[in-house]
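Report on the following structure.
The values are calculated or read from the model by the stated rules, or taken from the named source; none is laboratory data. Quick caveat: nothing in here was measured; it's all calculated off a predicted structure. Glycine gets a Cβ as well: all are built from the backbone with ideal geometry, and neighbour counts include every protein chain shown.
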Amino acid sequence: MHCRILLALLLGLLSPGLEAKKCSVNENEQSSVTYLLRQMVNSYNPNDIPNPSILLALRLARDHSLTTEKEMIKQLKEDAVSRVQNNVTFSSGTVALYVLALQASCDDPQNVSALNSSVNLVQLLQKKYNDELENIQHHSSPITNYYQLGLDVLALCLQNVSVNISALLVPTCEARQYTYGSQFSVDTASVAVLGLTCVKARKDLSEAEKKKVRCSVCCLVKKILNKGASCGVIGNIYSTGLAMQALSVSDECYSRPLWNCNKTLQKVLREIPLSTFDNPMAASQITPSLEGKTYLDVRGKTCAADQDNLTISTTVPPTTSPPANITVTYTVVDGVNNTFNNSIIITVPLGSTFLTVMQKAQASNNNTFSFTVTPSSWGPYVTSVHGLAASDSERTYWQLLSGSNPLMQGVGDYKPLDGENLVVKLSTY
Ligand code: B12
């Protein structure tokens, strides 16, 4: 459907008085947010690579653990300076997250001082973003991915840098750049909506440009809403937090009945005690929207009044009797060139992770079931199996499945059930 007609149609549905009330946790529900904030604070390790997404979420929260946040800021700055000094990999999206986290900490990302040196992360981000755009011109895809391009635009815009957004626009509402494989990525579109929403408010934009941006935002919002399920989840549970942020800044694109924010909020709250967001990265992407915040709120963030009121208790896990065992089938398959397809039956204690199954298979047959992982913000990321490495340039990755269903979690988090068919399959995206 043509973008302008869509906008008119969606606006036509809007009627006064139906505006959504602020959708965020109430005082009774605040303990769920506290639980997630603690998960993030407790995950801080001075010897790890810093996680800017976690610092950003902690900074946007109502309650704070200021000592830990200060240490995180220091670690982030030292890491940024040392990466630049030593020419260590620093993807555009990572730089963007560093910029957002520092801005949310009332620190200047244009002048990051640490280790007796200083760097301008905004300038670096501009260069990295231009490299991404050049790569699109020459190779039809960015160096990283469109999720990171969305983060780049968002961070640059919030730093008042005027930025070329043509790569994120969807003039015909097709949104091909927002799909991985054949799947529309709610996460990627949501971050783009946030970035484009910031750009739309810029004073130096002409009316015609504004219209183009508004149109693309509403196309993406329509596609995000299409991924809404009746239970309140948008995309999957892990894209829901970013989708909530995107939808809350774009209500000019839809009418109230198309999205019930409180229903989504209640669904997320029910998932928290089920450990769904225990991965600190998952916690970081859901907490802002629980308190009605978005990444756009880093602009205008003040820090002086922050209260050091988040008490950190380390909960002692209850002692349990030895767990029962489960038996699963584990298959490794080259789904691209069809060079191998091998299975093994593995027994592990109930509550073990997918990674434990892989390690046990590798221990029993090191040739067939060998694998490598690389650490990432979400935990271990599978990079090769049976000596075969996935390749970004060929757009292949090691996909995780249960039977034929792709998993929503990585090998470090997913806990299989008895009798499950776990599959690691080389696939294209
Ligand atoms: C792009 C992307 C991918 C790309 C990554 C490669 C590429 N060329 O960029 C592809 C399509 C290959 C991919 C694969 C997977 N992904 Co993915 N991915 C994303 C996305 C949209 C953006 C990541 C990003 O660039 N972040 C910004 C940069 C700056 O941060 P980063 O930490 O450096 O990013 C790297 C890691 O995040 C890593 N990565 C990407 N996905 C995953 C998933 C897991 C579990 C791990 C450990 C690492 C990882 O690749 C990124 C680029 O190098 C996120 C969305 C989100 N909300 O975060 C989902 C997301 C992180 N992915 C997810 C999942 C589930 C997967 C898969 C497990 C799916 C599957 N069933 O196989 C696999 C990973 C399997 C493996 N080999 O271990 C979930 C994770 C949820 C969770 N609780 O763990 C997310 C949140 C999407 C969602 N809403 O479900 N992914």
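Candidates are the residues of the range 351-375 that are under 29 Å from the mean Cα position of the chain (by Cα) and surrounded by fewer than 13 Cβ atoms within 10 Å (Cβ to Cβ); the one that is nearest to K415 (Cα to Cα) is G351.
Taking the criterion of being under 30 Å from L60 (Cβ atoms), surrounded by 15 or more Cβ atoms within 10 Å (Cβ to Cβ) and modelled with pLDDT of 50 or more, the residues of the range 1-28 that qualify are C23, S24, V25.
Results for (1) among the hydrophobic types (A, V, I, L, M, F, W, C); (2) within 30 Å of Q266 (Cα to Cα), shown as yes or no for each residue.
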position	(1), (2)
C23	yes, yes
Y35	no, yes
S43	no, yes
D63	no, yes
K74	no, no
Q85	no, no
T89	no, no
G93	no, no
C106	yes, no
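In the range 392-410, of all residues being near the ligand (Cβ under 6 Å from one of its atoms) and not in a strand (DSSP E or B), the one that is surrounded by the fewest Cβ atoms within 10 Å (Cβ to Cβ) corresponds to D392. Does N120 fit the bill of being farther than 16 Å from V81 by Cα and assigned by TED's automatic domain parsing to the domain that holds D79? No, not satisfied. Assess whether D131 counts as being in a helix (DSSP H, G or I), out of contact with any His (no Cβ under 6 Å at 6 or more places or on another chain) and at negative phi. Yes. Only one of the numbered conditions (1) outside any helix (DSSP H, G or I); (2) within 13 Å of the ligand (Cβ to nearest atom); (3) among the small types (G, A, S) is not met by G150, and that is (1).
Report, by residue number, each residue of the range 75-116 that is hydroxyl-bearing (S, T, Y), within 13 Å of the ligand (Cβ to nearest atom) and surrounded by 18 or more Cβ atoms within 10 Å (Cβ to Cβ). Across the range 75-116, the qualifying residues are S92, T94, Y98. Scanning the range 285-305 for residues that are buried (at least 16 other Cβ atoms within 10 Å of the Cβ), farther than 21 Å from S230 by Cβ and among the small types (G, A, S) gives a single hit, G292. Of the strands (runs of 3 or more DSSP E) that lie entirely inside the range 330-391, those containing 1 or more residues that are near the ligand (Cβ under 10 Å from one of its atoms) and outside the structural domain of T89 (by TED's automatic domain parsing) span 371-376, 379-385. For V221, the conditions (1) in contact with a Ser or Thr (Cβ under 6 Å, 6 or more places away or on another chain); (2) among the hydrophobic types (A, V, I, L, M, F, W, C); (3) under 29 Å from N28 (Cβ atoms) are fulfilled apart from (3). For the range 411-429, taking the residues that are of a type in the set (V, I, T) and out of contact with any Asp or Glu (no Cβ under 8 Å at 6 or more places or on another chain), the one that is nearest to the ligand (Cβ to nearest atom) is identified as V411. Annotation: of all residues in the range 262-284 being within 11 Å of the ligand (Cβ to nearest atom) and assigned to a helix (DSSP H, G or I), the one that is surrounded by the fewest Cβ atoms within 10 Å (Cβ to Cβ) is M281.
Taking the listed residues V411, V373, V423, V382, the one that is touching a helix residue (DSSP H, G or I) at 6+ places or on another chain (Cβ under 7 Å) and β-branched (V, I, T) is V411, with no other qualifying. Screening the range 171-202 for residues that are over 23 Å from Q137 (Cα atoms) and out of contact with any Ser or Thr (no Cβ under 6 Å at 6 or more places or on another chain) and picking the one that is surrounded by the most Cβ atoms within 10 Å (Cβ to Cβ) gives S190. The residue pairs whose first member lies in the range 348-359 and is touching a residue at least 12 places away in the same chain (Cβ under 8 Å), whose second member is part of a helix (DSSP H, G or I) and β-branched (V, I, T), and whose beta carbons are closer than 9 Å, counting only pairs six or more residues apart or on different chains, are V348/T356; V348/V357; P349/T356.
Using the structure shown, decide if L205 is surrounded by 15 or more Cβ atoms within 10 Å (Cβ to Cβ), under 21 Å from V298 (Cβ atoms) and at pLDDT below 95. Yes, satisfied.
When we screen N135, N111, N130 for residues that are without any contact (Cβ under 8 Å) to a residue 40 or more places away in the chain and closer than 29 Å to S65 by Cβ, the only hit is N111.
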